[in-house]
Amino acid sequence: MISRYSALALLRRAVTGARWQRAWRAPDPQPTYDVVVIGGGGHGLATAYYLAANHGIRNVAVLERGYLGSGNVGRNTTIVRSNYQIDGNTQFFEHSLKLWEGLSHELNYNVMLSQRGQIVLAHGPAQLDVLARKGNVMRLNGIDAELLDRADVARMLPFLDYSPDSRFPICGGLLQRRAGTARHDAVAWGYARAADRLGVDIIEQCEVTGFLRDGDRVTGVETTRGRISAARTAISVAGHSSQVAALAGLRLPVESHLLQAFVSEPIKPFLDHVLSFGAELFYISQSDKGGLVFGGHIDGFNSYTQRGQLPKVQTVAECAVALIPSISRLRLLRHWAGIQDMTPDGSPFIGRTPLRNLYLNGGWCYQGFKATPAAGWCLAHTLAHETEHPLIRHLALDRFERNNGFDEYGTGLWTYKQ
């Protein structure tokens with residue numbers, strides 16, 4: 001049994017020089033499991049953990065084709081928040097944020113949650129009115145929200161461009177103080193360690209190459225490490241959702257796009273919040289190491305490369321300098337790309353599929369990291385009870401057949417504009 005982390009355990013090993021145990025085991029796959037979760041990212045690991053912790057289902061395998069943290073969970077910009085306004089999404093993401101707030105204690109692993117607050121800027125009266133409506137929806141659902149005027153924003157963020165000839169005048173903003181950031185790879189490691197302690201098998205370097213079928217029922221998977229039977233199978237592979245689902249004969253309404261992220265050279269602390277630019281999809285925060293972490297829109301073409309593209313570097317840099325002119329001479333330290341699985345309405349799919357015993361968690365667009373705890377919680381409930389958790393019933397895969405898209409961004413069913 002893996003020991004718990006504590007101040008006493010740290011002191012004991014410092015004094016005695018004893019080595020720490022492996023954070024999780026490296027087991028060989030068993031021939032049969034109650035549940036197989038495809039994908040060892042944050043969502044897959046969270047699903048496995050909550051299956052064991054909440055429902056007592058411990059004969060579970062998580063199959064990861066690479067190593068833990070090699071996908072989107074290690075390639076995002078770490079933001080967590082619950083400032084949503086469509087009924088259903090509002091409650092789901094607030095549940096997720098509440099789970100984030102107790103996650104380090106729950107997992108006995110510091111996920112480095114920093115609730116520094118997020119400010120979404122408004123650059124005109126109409127946009128401020130939209131933020132006011134969103135804030136009212138949040139407050140009616142018991143979620144913290146504060147509407148800021150121009151003076152409030154200037155007091156909290158004095159380094160923005162407030163000049164008379166600024167390209168994007170600042171009229172105010174919406175603040176959620178409980179929003180913030182978390183350490184993305186620590187989240188994966190924390191869920192992996194906690195799930196392993198409960199008996200879950202985490203199997204790395206194990207790629208799924210096909211599905212075992214008995215008519216319309218999925219009975220397991222074919223992998224590079226052999227055939228594995230399972231009573232229930234869940235797909236939770238982020239930007240590769242359509243590829244893996246295709247192995248089972250499913251065609252998903254999903255497109256895969258690159259989403260680039262950037263980190264500057266480290267500087268002294270000055271940005272105390274997560275900041276979102278209302279004139280363009282741009283967001284920025286400062287890491288504990290001092291680097292500015294930021295990103296923007298997805299690239300406007302399909303790709304699985306996980307590589308950055310220079311035109312997006314220019315666009316995102318322009319947003320950064322237009323908003324905060326003082327950072328114009330900072331050097332870019334590194335940038336990378338994750339693979340976003342984009343849906344027509346900007347909202348995910350989570351629940352059952354047309355194939356019996358096969359479940360899907362995908363299509364998270366820009367929202368995957370912040371949804372990690374709730375997505376795992378709700379999918380685990382769905383797998384355990386074979387019926388959707390109440391928080392995800394509006395995210396069913398067949399919602400477009402019922403003309404029931406959930407357009408959180410208000411731009412219509414147009415993937416690239418999400």
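The values are calculated or read from the model by the stated rules, or taken from the named source; none is laboratory data. Predicted model only: the values in this text are computed from it and were never measured. A quick note on method: Cβ atoms are made from the backbone with ideal geometry, for glycine too, and the neighbour counts reach across all protein chains shown. These area figures cover heavy atoms from the full protein model, side chains too; ligands, DNA and RNA do not enter into them. Shrake-Rupley method; radii C 1.70, N 1.55, O 1.52, S 1.80 Å.
Going 7 Å from the Cα of ALA246 along its beta-carbon direction, which residues of the stretch 289-307 have the amide nitrogen within less than 18 Å of the resulting point? In the stretch 289-307, the label zone of ALA246 (backbone N under 18 Å from the point 7 Å along Cα→Cβ) covers 301-306.
Averaging 1/r over every pair of different alpha carbons in the stretch 1-140 and inverting the result gives a Kirkwood radius of 18.8 Å.
Kindly give Rg over Rh for the stretch 1-78, based on alpha-carbon atoms, with the Kirkwood expression for the hydrodynamic radius. Using Cα coordinates only, the ratio equals 1.05. When the solvent-accessible area of the stretch 136-208 is split by element, carbon and sulfur atoms take up 51 percent of it, the probe being 1.4 Å. Simple spin-label estimate for LYS289 and TYR162 gives 3.3 nm between the two label positions (7 Å along the Cα-to-Cβ direction from each Cα). The Rg/Rh ratio of the stretch 226-276, with Rg taken over Cα atoms and Rh as the Kirkwood radius over Cα pairs, comes to 1.25. Take each peptide in 236-245, 378-387, count the other Cβ atoms within 10 Å of every residue, and average; sorted highest first, the result is 236-245, 378-387. A P(r) calculated from all alpha carbon pairs of the stretch 164-237, with 5 Å bins opening at zero, reads 3, 10, 13, 14, 12, 10, 7, 6, 6, 6, 6, 5, 2, 0 percent. With the convex hull constructed from alpha-carbon coordinates only, the stretch 126-188 shows a mean projected area of 6.2 nm² over all directions. Stretching ARG217 away from ALA231 to a fully extended chain increases their span by 4.1 nm, per 0.36 nm per residue minus the current alpha-carbon distance. Couplings 3J(HN,Hα) of the stretch 263-271, computed from phi: 9, 8, 4, x, 9, 5, x, 8, 9 Hz, in residue order, whole Hz [Karplus 6.51 cos²θ - 1.76 cosθ + 1.60, θ = phi - 60°; x for Gly and Pro]. Average accessible surface for the stretch 1-95: 46 Å² per residue, computed with a 1.4 Å probe over protein heavy atoms with every protein chain in place.
Packing here is the average count of other Cβ atoms within 10 Å per residue, and on that basis the peptides 149-155, 174-180, 46-52, highest first, run 46-52, 174-180, 149-155.
Farthest towards the positive end of the charge dipole of the chain, among the residues PHE159, LEU397, GLY300, is the Cα of PHE159, using unit charges on the Cβ of Lys, Arg, Asp and Glu.
Helical content alone sets the calculated 222 nm signal of the chain at -8500 deg cm²/dmol, taking -39,500 (n - 2.57) per DSSP H segment of four or more residues and averaging over every residue. Note on the chain: with charges restricted to the Cβ of Lys and Arg (+1) and Asp and Glu (-1), its dipole about the Cα centre is near 1100 debye. Here the peptides 114-126, 82-94, 22-34 are ranked by packing, the mean other Cβ count within 10 Å, and the order with the highest first is 82-94, 114-126, 22-34. Which log10 I(q)/I(0) values does the chain give at q = 0.07 Å⁻¹ under the Debye formula, counting every alpha carbon as one identical point scatterer? One equal scatterer on each Cα of the chain leads to -0.34.
P(r) for the stretch 188-294, from all Cα pairs and a bin width of 5 Å, is 2, 9, 13, 13, 13, 13, 11, 10, 9, 6, 2, 0, 0 %, short bins first.
Note on the chain: Lys pairs 8 or more places apart or on different chains, Cα atoms under 30 Å apart, count 15. The residue among ALA122, GLY173, PHE93 whose Cα reaches farthest toward the positive pole of the charge dipole of the stretch 89-200, with charges on the beta-carbon of Lys, Arg, Asp and Glu, is PHE93. ASP216: net charge of surrounding residues, Cβ under 14 Å, Lys/Arg +1, Asp/Glu -1, itself excluded? Charge balance near ASP216 sits at +3. Kirkwood analysis of the Cα pair distances in the stretch 276-408 returns a hydrodynamic radius of 17.3 Å. The charge dipole of the stretch 102-193, taken about its Cα centre with unit charges on the Cβ of Lys, Arg, Asp and Glu (plus for the first two, minus for the last two), comes to roughly 180 debye.
Computed over the alpha-carbon atoms, the stretch 247-320 gives an Rg to Rh ratio of 1.09, Rh here being the Kirkwood radius from the mean inverse distance.
Simple point charges give the picture: +1 on the Cβ of Lys and Arg, -1 on the Cβ of Asp and Glu, and for the stretch 1-113 a dipole about the Cα centre of about 600 debye. Pairwise Cα separations in the stretch 96-255 fall into 10 Å bins from 0 onward with the following percentages, short to long: 9, 22, 21, 22, 16, 8, 1.
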